[in-house]
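The next block holds one structure in the form of structure tokens; read it before the comments.
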Amino acid sequence: MGTTTSRRVTVLGDGGWGTCLAILLAGQGNRVTLWGAFADYVAQVRRSRENLKFLPGVAIPDGVALTSELAEALAGPEAVVVAVPSQYLRQVLQRAAADSWGRAQVISVVKGIEPDTLLRMSQLIRALVPAKRLAVLSGPSISYEVARGIPTTVVAASEDPALAREVQALFSTERFRVYTSTDVVGVELGGALKNVIAIACGAADGLGFGTNTKAALMTRGLVEMARLGAAMGAKGETFSGLSGLGDLITTCFSPHSRNRRVGEEVGKGRPMAEVTQGMAQVAEGVTTARSAQALARKHRVDMPIAAAVVQVLYEGKSPKEAVRELMLRDPKPE
């Protein structure tokens, strides 16, 4: 499975997911360059061959070159995997010499929505880079598990079915199965919005509630995700697939999920600023919650769980009161 010829691939972003994918791609015989923003840390990882901060316990093979120089990373790659957290993506892309890699195959693995513009990540990339061949890779894929060879399945989405198949071939291994889709909007929204619902589920965990509560939040949260997706032109069935329901299940249950953990700590009564300050990696749902609420208003879609997450994270509402108000909403058919 996977690639049959070696390709030059650059991964932008040395977080857990970017590092994990760099290792996976190198294992397929590709010549991989992993870029990180901070020179001192990149030098440390280069020496130790381990990303202690973001992916501890996983050896980085010699087939992965590490650099903090964007010009070096983007010097003629055949494929660029974009793995920069959503809130930093614009500034990184603005620094990159777009003409040097605009003709490469560009694969976004970023799960988020830019707060001010409300752009999905592929839209942001396309706005800043002349990327003619752009795809998205998403699904239930905790980096801690993928890096340890635990069987995982994701979806590659592109408006060009041939490109989706190329991405499928690039990433597929016997432990990493890739499906294809043409619904880029649905795949990206699923990957972004599930983080918001995971915060709600984490808060329920922190409050000591049980699986009944979590099942309700996940089920009704999926309804909200699909409702917004339909308003934005996505296919309904996408939200029943890997990038919707699949990713939602993983993120709401995994002990390694940063978004669930943020919700859990807030549910226990810790202030959000204190919770996020102590985290090495970004919990995308904290930012995406506001973006989801703004998109819901823009498209006149009802998203009460997402609204409750915003109230808890930013407006001082107690998680217990937020759950109470959700339970006391006007009765209606499912």
Subject >> J(HN,Hα) series, region 257-268, from Karplus relation 6.51 cos²θ - 1.76 cosθ + 1.60, nearest Hz, glycine and proline x >> reply: 6, 5, 5, 4, 5, 4, x, 4, 5, 5, x, 7
Subject >> Hull volume in cubic angstrom per residue (convex hull over the Cα atoms of region 185-327) >> reply: 93 Å³
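Report the percentage of all Cα-Cα pairs in region 106-204 whose separation exceeds 16 Å, rounded to a whole percent.
59 percent
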Subject >> Distance (nanometres) between label positions extended 7 Å along Cα→Cβ at His256 and Ile150 >> reply: 0.5 nm
Original post:
Using the Kirkwood radius built from alpha carbon pairs, what does the Stokes-Einstein equation give as D for region 1-104 at 25 °C and 0.890 mPa s, in µm² per second?
Top reply: 180 µm²/s
Original post:
Between region 239-317 and region 109-125, how many Å separate their Cα centres?
Top reply: 16 Å
Original post:
If you plug each phi of region 75-92 into the Karplus form 6.51 cos²θ - 1.76 cosθ + 1.60 with θ = phi - 60°, what whole-Hz ³J(HN,Hα) values come out, in order, with x for Gly and Pro?
Top reply: 7, x, x, 7, 9, 10, 9, 8, 10, 7, x, 4, 6, 10, 5, 4, 5, 5
Subject >> Cβ-placed point charges (K, R +1; D, E -1), dipole of region 237-320 about Cα centre in debye, nearest 20 >> reply: 240 debye
Original post:
Projected onto the charge dipole of the chain (+1 at Lys/Arg Cβ, -1 at Asp/Glu Cβ, origin at the Cα centre), which of Ala79, Val309, Ala192 gives the Cα projection farthest towards the positive end?
Top reply: Val309
Subject >> Cross-link table Lys235/Lys268; Lys235/Lys320; Lys194/Lys317; Lys214/Lys235; Lys268/Lys298, entries beyond 27 Å C-alpha to C-alpha >> reply: Lys235/Lys268; Lys235/Lys320; Lys268/Lys298
Subject >> For the chain, calculated [θ]222 nm from helices alone, where every DSSP H run of n ≥ 4 adds -39500 (n - 2.57) >> reply: -14500 deg cm²/dmol
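Subtract the Cα-Cα distance of Arg175 and Glu78 from 0.36 nm times their separation in residues, and report this length gain in nm to one decimal.
32.5 nm
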Original post:
Which residues in region 194-225 have a backbone N closer than 18 Å to a point placed 7 Å from the Cα of Lys268 along the Cα-to-Cβ line?
Top reply: 199-210
**OP:** Sort 45-51, 188-194, 129-135 for me by packing, meaning the mean count of neighbouring Cβ atoms within 10 Å per residue, highest on top.
**Re:** 188-194, 129-135, 45-51
**OP:** Within 10 Å, count the other beta carbons around each residue, average over each peptide in 234-240, 282-288, and list them highest first.
**Re:** 282-288, 234-240
Original post:
Amide H to amide H under 5 Å from Gln105: which residues, 5+ apart in sequence or cross-chain, H placed 1.01 Å off N in plane?
Top reply: Ala79, Val80
**OP:** Read phi for every residue in region 43-54 and hand back ³J(HN,Hα) as whole Hz from Karplus 6.51 cos²θ - 1.76 cosθ + 1.60, θ = phi - 60°, with x for Gly and Pro.
**Re:** 4, 5, 5, 4, 6, 8, 6, 8, 8, 4, 6, 10
**OP:** Evaluate E = 1/(1 + (r/R0)^6) for Asp116 and Gln281, where r is the Cβ-Cβ distance and R0 equals 22 Å; express this FRET efficiency to the nearest 0.05.
**Re:** 0.45
Original post:
How fast does the chain diffuse by Stokes-Einstein, in µm²/s, taking the Kirkwood radius from C-alpha pairs at 37 °C and 0.692 mPa s?
Top reply: 164 µm²/s
**OP:** Evaluate the distance, in nm, between pseudo-label points positioned 7 Å from the Cα of Met327 and of Arg47 along their respective Cα→Cβ axes.
**Re:** 5.5 nm
Original post:
Antiparallel as a % of all DSSP beta bridges within the chain, to the nearest 5?
Top reply: 20 percent
Subject >> Distance histogram for region 8-182 (every C-alpha pair counted, 10 angstrom bins, percent rounded to whole numbers) >> reply: 10, 42, 39, 9, 0
**OP:** Give the cysteines in the chain for which no other Cys Cβ lies under 4.7 Å away, or write none if there are none.
**Re:** Cys20
Subject >> Added length on full extension, which subtracts the Cα-Cα distance from 0.36 nm per residue, Ala215 to Ala37 >> reply: 60.2 nm
Original post:
Gln94 to Asp62: extension gain in nm, 0.36 nm per residue of separation minus the Cα-Cα distance?
Top reply: 8.6 nm
**OP:** Let me see the pair-distance distribution of region 248-310: every alpha carbon pair, 10 Å bin width, integer percents in order.
**Re:** 21, 49, 27, 4
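How large is the dipole of the chain about the Cα centre if only Lys and Arg carry +1 and Asp and Glu carry -1, each at its Cβ, rounded to the nearest 20 debye?
With Lys and Arg at +1 and Asp and Glu at -1, about 120 debye.
Each value in this text was obtained by applying a stated rule to the coordinates, not by laboratory testing. All values reported here derive from a predicted model rather than from experimental measurement. Reconstructed Cβ throughout: ideal geometry from the backbone, glycine too, with neighbour counts over all protein chains shown.
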